[in-house]
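Remarks on the structure that follows.
Derivation of every value follows stated rules applied to the coordinates shown; laboratory data play no part. Please read these numbers as outputs of a predicted model, since none were measured by experiment. Because the Cβ atoms are built from the backbone with ideal geometry, glycine has one as well, and the counts that use them run over all protein chains shown.
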Amino acid sequence: MRGIRKEFPGVVANDEVSFEVRRGEVHALLGENGAGKSTLMNILYGLYRPDGGEIRLNGKPVSFSSAREAINAGIGMVHQHFMLIPVMTVAENVVLGTEPVREGVLLDERAAARRVADMAKTFNFAVDPEALVEDISVGQQQRVEIMKALYRNADVLILDEPTAVLTPQEASDLFDILQTLRQEGMSIIFISHKLNEVLEIADRITVLRRGKTIETVSRHGATEASLARAMVGRDVLLRVDKPQAATGDVLLTVQDLHVRDDRGIEKVRGVSLDVRAGEIVGIAGVDGNGQSELIDALTGLQKIESGAVTIAGRELSHASARAALDAGIGHIPEDRQRRGLVLEFSIAENIALHDYAKPPTARSGWLFPGRMVQRAKTLIKEFDVRGGGPLTRAGGLSGGNQQKLVVAREIDRDPKVLIAAQPTRGLDVGAIEYLHRRLVAERDEGRAILLISLELEEILSLSDRILVLFEGEIVGEHTGEVSEETIGLEMLGGGEKAVA
Amino acid sequence: MNTWTARLENPLSARLRDPATTGAFGILLGAFAAFLAIPPIEARTVTWPILFGIVAAALGIWTVTRGRRRLGWGAVAAGLLGIGLGILATRSSTGNLESAFDATLVAQTLGFSTPLVFGAIGGMFSERSGVVNIGLEGMMLMGAFWGVYGADKGGSWAVGLLVAMGVGGLLALVYAFFAIHLRADQIVGGTAVNFLAVGITGYFFIELYNNNPIHNGVSLLPNVHVPGLPVNPDNPHGFVDFLGQAVGDLSILTWAGLALVILAYVVLFKTPIGLRIRACGEHPRAADTVGINVYVIRYGCVILSGMLAALGGIYLSEGPQGNGTFIFNMTNGRGFIALAAMIFGNWRPAGAAAAALLFGFSSALALKLQVYSQSAGTLFQILPYVLTLIAVAGVIGRTVAPAADGKPYAKQ
Amino acid sequence: MSDPGPSPTPEEAAETGTLAASIALKQRAGGIIVPVVTVVFAFVMSFIIVAATQHSVHTALVVFKEIFLGSGLNWLAHPTTNTFTSISAYNLSQTLLQTTPLILTGLAVAFAFRCGMFNIGGNGQYLVGLIVANWLGVDFAGLNPFLHILLCMSAGTLAAAAYAGIAGVLKATVGAHEVISTIMLNWIAYWTASWLFGAGGALQNSTSPTNPVSNQVSPGARLPDFWGKQGFQGLHVGIFVSLAAVVVFWILLNRTTLGYEVRAVGFNPDAAAYGGINVKKNFIRAMAISGAFAGLAGTLDMLGGAQNYQVGQLDIPFIQVGFIGIAVALLGRNTAVGTLLGALLFGGLLYGSFHGLGSSSVIDPTLASNLTYIIQGLVVLFVGADVLILYVWNSRKKARRRPRGKPAERVEATT
């Protein structure tokens, strides 16, 4: 791929990106969230059309206008979110679109199952072709995705953040599979933002930053530090200057909390923690290890199985969202567009989202829009929300200003406990710095802050105390200086506690 | 943990949703239906045993489509047996029931079921590909009118069939364009289709036929005479006569409908195209990434559903009951019963067909029972809707629509 | 702040968001222009149908002129020079009589829409109101007229609210889709009415037991006419109830916390739950309120114009009122004033085409009445799909700005 350019409204996702993959190599595409890795691969796979540049396959220039063309050219892709149909069998999923046929028209289920079983045996996949996809583990589902590519005779395989959803054991199995595939002469493009795994599996590494190619290096000679520098473009990681925490009373206590998700799977398994006034407790962990369920349980959005949640001395184990809010919980949700804001509402209406039924906004069921607007005016000024007035639709604001709006609302309620989930996701550096400063300031105001983030860097720089969540359990607790490696290991279930 | 403790730990609601419970309950209900008719209760009307019997059979169909085949068919059998026993028991006391329960009831059940089967299977194709089709009623109505028109002007029922399918498909194409291409809300679009069909058929009915309902000499859909069976025995007795009355003289579309059920099952579950259709209804993005053209599949399925619904419609006007007569808004909710049958049958051909037969049976009974109690007849008309409402309520097991049903798909 | 991150484009939200959210988006993009264009488009297309089938543009013009005159809306141009005895004044009174229930069934659909639900069961709820009003209107003969009317109206309204509430409860508790359940409830109500009023039914006419028709509502329970002459069917006071309902609808939505909850749930149930709003409770409550509007329409029709119910009558009032409400609400963009205007349009269309052409020799009047359905269908089709208009709108705007594509923030989030 040479000189690939792709623009989206307001952003250049790929700017003159070039890289090449050799036969029989694992080539990693490394970059932070938003560096343009997935966009690049979607172009290669025919899902997006590039605005410029050219793609050459085996020396010949190609242009794909659909996934089908890319598949026919021998490109396979394992998407971050699996493209599998849960209610169909493994074999059906694998052959879909390129089905074996008997007697001219009928689907040859037996041939399909046999081909899949053969493949599974060759590559040691341990997947039952007759099983329904919804019944097998995430790791196995990923293998089904790989088989889909193999079945279509792909010789270039793209894996988009393949380890994000895997347990360490599953990840290690995946690496074994990738080694086998490489030996078979397959070219593998491995997209990741994790330094350690890139160094473990890749032959060569191309680093992307803000839509541009930074460098392509061989694994030999590359170090985590050198790659990190290329990735983020600076030596020093973002650090927040913050004074020592002056902690007070315990405001949030969680005891032996168990939570099941909507499908009945236990996602939080016996979490106990407490957060004191004036401290930031960070929860580190790989996505999907129970963070969302923990947050939802604390904020009354999800029923808890057992255990106790206490906020400022008030027992709130089985309380509604309303009761949790009234007890003094503030919550910056992980997805501001899906949950944090009603995008169709005005700024004023969004600011009233928690307290729309309380004076002065309302009295005995009557709403006073004028007062809502007044309050909005004050907060817009105080929190420097730009892009509109109280009656502007929240959906019309930029991401950073939307997040400021959420933060303004949560902080203005003067919560005792503030839960901040992924507070800087998708924001630019300026907005991130603002939010980080603000969180520290609120800590110094004496609030208890629980920070949940997938960005380890953010956890490290903000937290006074760090808890590591792995498969629904707290597997590590750290105060003071701690290395990224230690926590990283624990996040993947490799910590002492998990071993013991 | 052994199974017994596992059962104990299951909450009651979960056990109620278990198809096994449903099936067992169905069998019990069937027994109860029979029990009602015999001493000591000895229900004076046959309504209650039949009502309970039908509900039992419905539970059975339900259970079958949720995977517990043997138990489910058991419940169906128990329900039918209950009805039979109930009839037998009350028959001795009430003389005029004899006219209600004979072989023609079977024929009428099949007759009433025919349009429902076509509509339900049509709707199933559409929804399996991911497009909700509540416009079935309208597409059916179009078939009813334009079918007569085609048969009249073309001089043959075969022309009528083709015209009906063509017009039904055309209306479906319009709907498909709005639902798929313009990504309009599918419920709104389907509602519009229903309005349009009432207006268009009503308008042209007056324009072309001056509101005159009967057209003598229109070529009608032929009936199929099964060789060896007496069509209209003078003094029916014995099994052969019974069979003759029941299935000896059915419309060609009734047989076609039964064949369609089998064909639909094969296409949907045994061919590559069926696999692709289901993929589009479950996860269109996944289908797209393996190179399946979601739009083409969905267009095809929606148009097919329009054509099939129109066939159901032409049966109403050109079939044995219709006699080449079109009446303003003559479908009168049958498209919605077809939709209900599809939902009740859990988006499966056999289930939808079984539900259509059951609903057809209750319509046939409604007609028969009018002879001696009109209000009882009406009661049976409500039954399909009540059963479907209970079904979607999910108190007795879950109705599982295709995951992407009703969601427009936008290519990236 | 320079972070790239516009909110989703309308198309995006239309496909991912709730129904209410996508409609709101369309509204912003098209404003009042879209409904107007939609109506014009629908009229033009039905005009073409008439012109083509009658082989005469002139006839088509006359037909539409007759429909307009038949609706009596021309009376508004010179109200002082005409008395009620003039044909235009009478026509207008009849148009408003048709409009009265349409406003309410329109509001019913609109209210549910604002809570993110599609109440397609307005017809069933209307029938429940009709049945209860007939029952009580017949039974409590001799009661103080005011109390009697109040009793019939409130009981019918509450019954319809409870009936619609079934769909709300099913949605809230087991997640049954309200469209399916309200369709079923429609037909259950329809056949229940046939059962009750049919031969041998509990509410069937006591004087002629073979006739499938209900008793007449007792004179004391009838809504008084205020515009009309003795012997003519005049305009009854129900229109004021409908107009009051428009005001109630607006206040409820925009000036109460209940309305705030409804709108929040309608736009984004996840955010509403996060805000401490009980989403399930709102589903049930909004559905019940929606049903109340439709049920009220039924009581007005029973106590006003109809006064009895005839089984199997495929006439517009009983079979279609709830369904036309869908067109009314969609055309009115689910707003109070829009619904009022939409109801007036369809009321005029219904009466104008059905009766206005009765004296006309230009075209068979029943032919014209079917035009109403066609126009209605086209309106719903186009209103539901104003993505079409949106599409043109946006591509024009985007052509001025930059090429189309996914919004930046989504990309970052998935990279």
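Counting only other chains, and only Cβ atoms inside 10 Å, what mean value do you get across the residues of C:367-373?
Per residue, the average neighbour count from other chains is 6.
Calculate the length of the line joining the C-alpha centroid of the stretch A:16-75 to that of the stretch B:160-197, in whole Å.
40
Can you give me the angle between helix A:399-412 and the longest principal axis of chain A, using Cα atoms only, in degrees from 0 to 90, rounded to the nearest 10?
30
Given a Förster distance of 45 Å, report the FRET efficiency between C:ASN254 and A:ALA308 from their Cβ-Cβ distance, rounded to the nearest 0.05.
In this case the efficiency is close to 0.65.
Using only Cα atoms, figure out Rg for the stretch A:2-232 and give it as a multiple of 2.2 N^0.38 Å.
1.03
State the three equivalent ellipsoid semi-axes of chain A, derived from the C-alpha gyration tensor as the square roots of 5 times its eigenvalues, in descending order and whole Å.
In descending order the semi-axes read 43, 26, 24 Å.
How do B:338-350, B:319-331 rank on mean C-beta neighbours within 10 Å, highest first? Mind dumping the intermediate values first?
On the way: B:338-350: 26.5, B:319-331: 20.5.
Answer by packing, highest mean first, reads B:338-350, B:319-331.
Looking at chain A, send over the antiparallel percent of its DSSP beta bridges, to the nearest 5.
Once the DSSP bridges in chain A are tallied, antiparallel ones form about 55 percent.
Using every pair of alpha-carbon atoms in the stretch B:224-331, split the distances into 10 Å bins beginning at 0 and state the percent of pairs per bin, rounded to integers.
With a bin width of 10 Å, the distribution comes to 13, 28, 24, 20, 11, 4, 0.
Give the distance, in whole Å, between the Cα centre of the stretch C:218-285 and the Cα centre of the stretch A:360-408.
Rounded to whole Å, the Cα centres lie 28 Å apart.
Ratio to report: Rg/Rh of the stretch C:96-214, with Cα atoms as the point set and Rh obtained by the Kirkwood method; give two decimals. Could the numbers behind the result be given before it?
Numbers: Rg = 15.8 Å, Rh = 15.4 Å.
Result for the stretch C:96-214 is an Rg/Rh of 1.02.
Taking beta carbons within 10 Å but only from partner chains, what does the mean come to for residues A:78-85?
Mean shielding by partner chains, rounded to a whole number: 4.
What are the ³J(HN,Hα) couplings of the stretch C:129-139, residue after residue, when phi is run through the Karplus curve with 6.51, -1.76, 1.60 and θ = phi - 60°? Round to Hz, x for glycine and proline.
Those phi angles translate into x, 4, 4, 5, 4, 5, 4, 6, x, 7, 6 Hz.
Considering Cα pairs under 8 angstrom that are at least six residues apart, work out the relative contact order of chain A and quote it in whole percent.
Over chain A, the number comes to 15 percent.
Ranked highest first by average number of other Cβ atoms within 10 Å, how do C:177-190, A:84-97 line up?
In descending order of packing, they fall as C:177-190, A:84-97.
Using the Karplus equation 6.51 cos²θ - 1.76 cosθ + 1.60 (θ = phi - 60°), what ³J(HN,Hα) coupling, rounded to whole Hz, does each residue of the stretch A:265-270 give in order, writing x for Gly and Pro?
Each residue's phi maps through the Karplus curve to give 8, 6, 9, 10, 10, x Hz.
Given the -39500 (n - 2.57) contribution per DSSP H run of 4+ residues, what per-residue ellipticity at 222 nm results for chain A, rounded to the nearest 500 deg cm²/dmol?
My calculation for chain A gives -9500 deg cm²/dmol from helical runs alone.
How high is the FRET efficiency from C:ASP139 to C:SER208, r the C-beta distance, R0 22 Å, rounded to 0.05? Provide the component values of the computation, followed by the final result.
Values: r = 18 Å, r/R0 = 0.83.
Once the sixth-power term is evaluated, E becomes 0.75.
Kindly provide the Kirkwood hydrodynamic radius of the stretch B:104-393 in Å, to one decimal, from all pairs of distinct alpha carbon atoms. Walk me through the intermediate numbers first.
Working: mean 1/r = 0.0519 Å⁻¹.
Computed over the stretch B:104-393, the radius equals 19.3 Å.
Please give the average number of partner chain Cβ atoms lying within 10 Å of the Cβ of each residue in B:292-300, rounded to a whole number.
Going residue by residue through B:292-300 and averaging, the value is 1.
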